[in-house]
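Everything on this sheet refers to the single structure shown next.
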Amino acid sequence: GIRVSPMGKKSWFLMYRNRQNKVKRYQIGVYPIISLSEARQLARDAMGAVIRGQDPDQEKKDYRDAPVLDDVWEKYIKSPKYTQRAAKTRGEYQRLWSGYLAPAWGDMKVVDISKSRITHLLDDIAEDTPVLANRLLSLTSVLLKFADRKGYIDSIPTVGIDPPGGTEAV
């Protein structure tokens, strides 16, 4: 359907029942940004998700409320996992966070940090400073494991990524 506000704004929507048999309204988009044919396709896609047992409105809310990597970092540095580390390690983590990870992904939703984003950034850094790239992979892995334990993500994208700087001499 389409809703028209008292101010004349037109919005496409879809009504459906979720698994708990509750009637929900899912906002598809705003007319004329979303055309009728696009709204119909998006509604078909959303109804397909409903049939598969998903709740598109809840998924939209979950994504909107999902933490960004800055939020994960702030929670991590207050956790025992961080505070019990050696002072030198904490200082190094802070340097890596401030200098590289925060500018690259700090404002990104943690669920959007993919294996390809990680490898792209680390491969670029590894060309000039391979050891730094390895350290960044390590910190990224620590943060994403922390996010996984907190339930912010369903899988850890750093799993299976080889150190971009290669094996380091001991």
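Quick one: in segment 105-145, which of the residues that are over 13 Å from the mean Cα position of the chain (by Cα) and basic (Lys, Arg) is farthest from Arg64 (Cα to Cα)? Within segment 105-145, the match that is farthest from Arg64 (Cα to Cα) is Arg135. Being open to solvent by less than 90 Å² (accessible area, probe 1.4 Å), in a loop (DSSP other than H, G, I, E, B) and without any contact (Cβ under 8 Å) to a residue 12 or more places away in the chain narrows it down to one of Gly8, Gly48, so name that one. Sole residue among the options that is open to solvent by less than 90 Å² (accessible area, probe 1.4 Å), in a loop (DSSP other than H, G, I, E, B) and without any contact (Cβ under 8 Å) to a residue 12 or more places away in the chain: Gly8.
Of a type in the set (D, E, K, R) and either within 18 Å of Ile161 (Cα to Cα) or surrounded by 14 or more Cβ atoms within 10 Å (Cβ to Cβ) (or both): does that describe Asp128? The answer is no for Asp128.
Specify the residue that is most open to solvent (accessible area, probe 1.4 Å); the eligible residues are those in segment 144-164 that are part of a loop (DSSP other than H, G, I, E, B) and within 19 Å of Ala126 (Cβ to Cβ).
Let us first name the residues in segment 144-164 that are part of a loop (DSSP other than H, G, I, E, B), namely 150-164.
With within 19 Å of Ala126 (Cβ to Cβ) added as a condition, the list becomes 157-164.
Values: Pro157: 21, Thr158: 11, Val159: 93, Gly160: 71, Ile161: 29, Asp162: 120, Pro163: 70, Pro164: 36 Å².
The residue in question is Asp162.
Taken over segment 11-35, the criterion of being modelled with pLDDT of 95 or more, surrounded by 15 or more Cβ atoms within 10 Å (Cβ to Cβ) and not in a strand (DSSP E or B) is satisfied by Ile34 alone.
Glu127 fulfils the conditions (1) modelled with pLDDT under 95; (2) assigned to a helix (DSSP H, G or I); (3) touching a Ser or Thr at 6+ places or on another chain (Cβ under 9 Å) except for a single criterion, (3). Inclusion of Glu38 among residues that are in contact with a Gly (Cβ under 8 Å, 6 or more places away or on another chain), free of Cβ contacts under 8 Å to residues at least 12 places away in the same chain and exposed (fewer than 15 other Cβ atoms within 10 Å of the Cβ) is warranted.
Every residue, every condition in (1) aromatic (Phe, Trp, Tyr); (2) open to solvent by less than 70 Å² (accessible area, probe 1.4 Å); (3) farther than 17 Å from Asn134 by Cα; (4) at pLDDT 95 or above, yes or no:
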residue	(1), (2), (3), (4)
Arg44	no, no, yes, yes
Gly53	no, yes, yes, no
Pro56	no, yes, yes, no
Lys60	no, no, yes, no
Arg64	no, no, yes, no
Asp70	no, yes, yes, yes
Lys78	no, no, yes, yes
Gly91	no, yes, no, yes
Val110	no, yes, yes, yes
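Those helices (runs of 4 or more DSSP H) of segment 56-103 that lie entirely within it include none in which at least 2 residues are under 14 Å from Phe146 (Cα atoms), among the charged types (D, E, K, R) and in contact with an Asp or Glu (Cβ under 6 Å, 6 or more places away or on another chain).
The values are calculated or read from the model by the stated rules, or taken from the named source; none is laboratory data. What you see is a predicted model; the values in this text were computed from it and never measured. Cβ sites come from the backbone with ideal geometry, for glycine too, and all protein chains shown count toward neighbours. Note: areas computed on protein heavy atoms with side chains; ligands, DNA, RNA excluded. Shrake-Rupley method; radii C 1.70, N 1.55, O 1.52, S 1.80 Å.
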